[in-house]
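Chemist: Before I ask anything, let me first share the structure, which is written out below as structure tokens.
The values are calculated or read from the model by the stated rules, or taken from the named source; none is laboratory data. If you're wondering where the values come from, they're calculated on a predicted model, not measured in any experiment. Cβ sites come from the backbone with ideal geometry, for glycine too, and all protein chains shown count toward neighbours. With ligands, DNA and RNA removed, areas are computed over all heavy atoms of the protein, side chains included. Shrake-Rupley method; radii C 1.70, N 1.55, O 1.52, S 1.80 Å.
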Amino acid sequence: MVKGFGGSSGIAIGKAFVMPSWEWELTDKMVDVADLAIEFEKLYEGIRSSKSEIEGIKQDISDLIGEEESNIFNAHLAILEDPIFMNEIQGLMQRQFKAAEVAVKETIDKFVNMFDLLDDDYMKERAADIKDVGNRLLKHLLGEWQGTVTPTDNPYILVVKELSPSQLANLDAGQVLGVISMLGGPTSHAAIMLRAMGIPFAMGMEGKLPHAIQTGDTVIIDGDESVVIIDPEPELVAAYTVRRDRAAAHRERLKEIAHVPSVTLDGKRVELRANISSAKELELAIANGAAGVGLFRTEFLYMDRTTLPKEEEQFEVYREAAVKLGKKPIVFRTLDIGGDKPVGFLSFPQEDNPALGYRGIRISLDRRDLFKTQLKALLRAAVYGDVRILYPMISSIGELRRANEILELAKKELQKEGHPFKADVPVGIMIEVPAAVVIADLLAEEVQFFSIGTNDLIQYVLAVDRMNETVSALYDPYHPAILRLLKQAADAAHRKGIPVSVCGEMAGDPDAMPLWLGLDIRELSMSVQSLLSVKEKVLKSDTAHGAEFIREALKCVTSEEIRQALTAAPVEKSCIHHKEG
Ligand code: PEP
Ligand code: MG
């Protein structure tokens, strides 16, 4: 059993198909000065063909993975238009008379090596994109291609050194049971695409496997645990087959409650909303019975592109989403880039502690142009639905007021321009910085709602980097300090009478239900995949048991005690009650 790291969840069992690793071997071919113009034309023709091929793939794959995710291929188009990349190729041809394919290959190698050397996962993944696009261009220059390998007629588990979006687009996704890759990170484009397709994926296996996987080997992927098992014993195959089938049957059963009201046994409503970052997820959210969107992570609109999204473009995306949700609320979080979410076209300074650095609202207050454009698009979209605006990373009243000043400015400009907009859009803040919890009573006076972001709150309170594998065991959502802070934030909101929701990963943990009920938090927002299992828990829960739990939990001195209290009596009682009732 080998453990890698987070790809895409689910269990896959099957025969491996190992994608042959492939490199172009080119001799250092030169061209005659007199033939340079023809060589350039060959390069331009190759670029044109590559672009139209990428456009075609983008179209074809958008049905499969959604329009937003298929925008990954925009990044590939952008590379073919990147002046630095193209100048390098042209320079090698013009000054050193290298053949087009040799210049392309040398340029790919140079950029890939350069990006690979950086201690930055995001840039390493961009190196994979350059390799992918470069190989496509080489195919057009040389007339060969490795990506059309058809593995077998039967479904298989794909094993690759590193999966590129183009390779994935070339494969018949219906045949791919799961994917194992030696390299790659959780924010790689391939990982994003596989998650959208619901294909289990384990990655980061380089150097960890006892021996190389061969085509035809039986393998198991447990995407939830990021585990790979090669040549498992029959008993293990049987055990995982049971788990896989049970999970599939449970998923099927859960579909039945998608449109059942989310109400506890004692008749209290718990609003379950979705965290989304693309239009594709919105449809899934609606199909899974979401009572709205509690967190729309808008930063994904800004990623994988070379220019800022204009007001009009943003307005269209926000409006379409608001219209799709009809009367249900949709909470748009303003740009939360920086930290673990870099944006290519904004160059940020290198930081020793990016999580404590230039990110979230700090960037928006600094880049007022960028922030105002987004706010204008949101105010205009608010005419079409129940739109709410959420500021990330707020740590002081000053930041909140400055953000609101820009919001007022945005309204004034819209008025001047004659665009219809909604002036009284509810404005809330993420409670994710410890300081915001400490002054939650003050903040509650000046906002219309709170949304508690436990992902960041836990990292900041416990001083545990949420991206750092080495300290991941210390990242403890049930630490007594977290419980106390959650209570403090919820109490402040209740005292002022403003809604409070939770939108961090904790909200998607069905086991946490007594905690929310005990804190009287009745709005939760979570990833689409968690909606139904959390609703299943709501239907079996009782608010009285939540109150009982919180009384006990506040006396607990360790997280183990809190976890025990969570899984102990109240829920069991409610389940029995449910069965009897
Ligand atoms: C959070 O911090 O809890 C949150 C929901 O935001 P993100 O995960 O996007 O930082
Ligand atoms: Mg956050």
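Chemist: Which one of Gly289, Val387, His419 has its Cα pushed farthest toward the positive end of the charge dipole of the range 260-541, where Lys and Arg give +1 and Asp and Glu give -1 at the Cβ?
Modeler: His419
Chemist: Placing +1 at every Lys and Arg Cβ and -1 at every Asp and Glu Cβ, with all other atoms neutral, what dipole size does the chain have around its Cα centre, in debye to the nearest 20?
Modeler: Dipole size: approximately 1960 debye.
Chemist: State the antiparallel share, in %, of DSSP beta bridges confined to the chain, rounding to the nearest 5.
Modeler: Of all bridge pairs located within the chain, approximately 30 percent are antiparallel.
Chemist: May I ask you to give the percent of accessible area on the range 156-253 that is carbon plus sulfur, with a probe radius of 1.4 Å?
Modeler: In the range 156-253, the share of accessible area belonging to carbon and sulfur is 53 percent.
Chemist: What accessible area per residue comes out for the chain, rounded to a whole number of Å², with a 1.4 Å probe?
Modeler: Accessible area per residue, the chain: 45 Å².
Chemist: Let me ask something additional. Using a 1.4 Å probe on the protein heavy atoms, what percent of the accessible area of the range 299-369 belongs to carbon and sulfur?
Modeler: Within the range 299-369, the accessible surface is 51 percent carbon and sulfur.
Chemist: Here is a follow-up. Give me the one-decimal Kirkwood hydrodynamic radius in Å for the range 284-382, with the sum taken over alpha-carbon pairs.
Modeler: Roughly 14.5 Å, rounded to one decimal.
Chemist: Residue by residue through the range 91-104, what is 3J(HN,Hα) from phi via Karplus (6.51 cos²θ - 1.76 cosθ + 1.60, θ = phi - 60°)? Round to whole Hz and write x for glycine and proline.
Modeler: x, 5, 6, 6, 8, 10, 6, 7, 5, 3, 5, 5, 5, 5
Chemist: Among all the aspartates and glutamates, which ones have a C-alpha under 15 Å from Lys29's C-alpha, if same-chain residues fewer than 8 places away are not counted?
Modeler: By straight Cα distance, Lys29 reaches Glu39, Glu101, Glu106.
Chemist: Could you give me the ³J(HN,Hα) list for the range 273-285, computed from phi with Karplus coefficients 6.51, -1.76, 1.60 and θ = phi - 60°, whole Hz, x at Gly and Pro?
Modeler: Ordered by residue, 3J(HN,Hα) equals 10, 9, 9, 9, 9, 7, 5, 4, 5, 4, 5, 4, 4 Hz.
Chemist: Turning to a different aspect of this structure: Which Rg and Dmax, in Å, describe the Cα atoms of the chain?
Modeler: 25.7, 89
Chemist: Next question, about the same structure. Counting other Cβ atoms within 10 Å of each Cβ, which GluC sites (Glu not before Pro) in the range 214-314 have at most 10 and sit in a DSSP loop?
Modeler: Glu256
Chemist: In the chain, if the dipole is taken from +1 on Lys/Arg beta carbons and -1 on Asp/Glu beta carbons about the Cα centre, which of Leu400, Ala128, Leu92 is farthest to the positive end?
Modeler: Most positive-ward Cα: Leu400.
Chemist: Amide H of Met203: which non-local residues (sequence gap of 5 or more, or other chain) have their own amide H closer than 5 Å, using H built in the peptide plane?
Modeler: Phe5, Gly7, Ser181
Chemist: Here's a follow-up. Amide H neighbours of Ile452 under 5 Å, at least 5 residues apart or on other chains, H built in the peptide plane: list them.
Modeler: Hits under the 5 Å cutoff: Ile431, Ser501, Val502, Cys503.
Chemist: Using the Karplus curve 6.51 cos²θ - 1.76 cosθ + 1.60 with θ = phi - 60°, what ³J(HN,Hα) values do you get for each residue of the range 246-256, in whole Hz, with x for Gly and Pro?
Modeler: 5, 5, 5, 5, 5, 4, 5, 4, 4, 4, 5
Chemist: Taking the dipole about the Cα centre of the chain, with the C-beta of Lys and Arg at +1 and of Asp and Glu at -1, give me whichever of Ala279, Val176, Thr241 is farthest to the positive side.
Modeler: Looking along the dipole axis, the top candidate is Ala279.
Chemist: Dipole magnitude of the range 413-548 about its Cα centre, charges +1 at Lys/Arg Cβ and -1 at Asp/Glu Cβ only, in debye to the nearest 20?
Modeler: 260
Chemist: In bins 5 Å wide, starting from 0, what share of all Cα pairs of the range 260-541 does each bin hold, as a percent?
Modeler: With a bin width of 5 Å, the distribution comes to 1, 6, 13, 17, 19, 18, 14, 8, 3, 1, 0.
Chemist: Net charge within 12 Å of Pro261 by Cβ-Cβ distance, Lys/Arg positive one each and Asp/Glu negative one each, not counting Pro261 itself?
Modeler: Net charge in that neighbourhood comes out at +2.
Chemist: List, in the order given, every pair from Lys310/Lys412; Lys268/Lys327; Lys255/Lys487 whose Cα-Cα distance in the structure shown is over 27 Å.
Modeler: Lys255/Lys487
Chemist: Expressed as cubic angstrom per residue, what is the convex hull volume of the alpha carbon set of the range 365-471?
Modeler: About 112 Å³ per residue, rounded to a whole number.
Chemist: Which entries in Lys324/Lys540; Lys372/Lys416; Lys58/Lys110; Lys535/Lys555 show an alpha-carbon gap greater than 19 Å?
Modeler: Lys324/Lys540; Lys58/Lys110; Lys535/Lys555, as the Cα separations exceed 19 Å there.
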